[in-house]
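Every read-out reported here was derived from the displayed coordinates using simple, explicitly stated rules and does not represent laboratory data. None of these values were measured; they are calculated from a predicted model. Cβ sites come from the backbone with ideal geometry, for glycine too, and all protein chains shown count toward neighbours.
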Amino acid sequence: MASFLLVSIMLSLLLVLFSHLLQRIAAARRRLPPGPCPLPLIGNLLDIGDLPHRSFARLAERYGPLMTVRLGAATCVVASSPATARAVLQTHNASLAGRGRQDAWHAGGHAENSVFVLPPGRKWRLLRKLGAAHLFSRRKLAELAPLRDEIVGGLLRRVAERADHRGGAPVNVGRLALAANVELLWRSVFSTRLDAATLDVLCDVAREAAVLLGTPNVSDFFPAVAALDLQGLRRRLAELMKNTYRLVDAQIDHRMGCRELRGGRGGEAMDLLDVLLDMSEQEREDGDDEVINRDLMRALLTVSKRTPEL
């Protein structure tokens, strides 16, 4: 038994060393930028402390503004200077846009319909166009100016009221600002007001989702064990998405019922939900492949509300 255990350990070590050697050979052939020498299996994880931005800045002083680090089994190229980041994000954006996504994004199938992580393609271009035209265009921003003034005025009033009520004690301005952003985006997308309970739920979801997506995940460093979801991040995020989708579904169903009653599509002053429903109906009439389905609507409308936290 002892001999079998010793042989198993030796074989495992040889396998790890052989895999490490193959990775080094592959990295040399790919002509990657310089970087710290990775250790077998864990790569450069020990070089990255509790403050990754400081660790990367320290490494960049030695290896340059563009360097390669291996985090577990994931090979990453880090741009550390403004000029290098500009070259990566602008000049070479098309070739780098299909980079790997965080495992937690797969919660509830969200990654398949999220503009943040989809590779360039028909659906990705459509989602970007929808966001640019119906949320962030100059015309849409001008239309929403009165709503923004109302929300900001309410935020200032609530901060002043709480400051007076607390008698000079600190006020959690961040929580109030997040609530104002969520309310603004909800009313921009759905043209309906939020009750206090639902607003609190959405704020809690946005904050917890940001924490989960920012938590280092073993599944990202070692994709071979991603299916196990060892830290439970994907399961926890899936529960948050489920709760949010329930609220979004209620709005979609209500709007579809209203449209059926008036026997037509959205009017001239349409919000994003009306635009999506119009496009979905047009696809069915034309017999095209359905792209604007319920799953895509959920993902786009959910991301729209979480934008301030992301």
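As an equivalent ellipsoid, region 32-96 spans semi-axes of 21, 14, 10 angstrom, where each value is the square root of five times an eigenvalue of the C-alpha gyration tensor, largest first. Sorting the segments 150-161, 177-188, 282-293 by their mean number of nearby beta carbons within 10 angstrom, highest to lowest, gives 177-188, 150-161, 282-293. Take the Cα radius of gyration of region 122-306 and divide it by 2.2 N^0.38 Å, N being the number of residues; the result is 1.20.
Taking every alpha-carbon pair in region 88-162 and binning the separations at 10 Å intervals from zero gives 16, 28, 25, 24, 7, 0 percent. Nothing charged except the Cβ atoms of Lys and Arg (+1) and of Asp and Glu (-1): what's the magnitude of the dipole of region 115-222 about its Cα centre? Round to the nearest 20 debye. My answer is approximately 660 debye. Residues 92, 110, ranked from the fewest to the most other C-beta atoms within 10 Å, line up as 92, 110.
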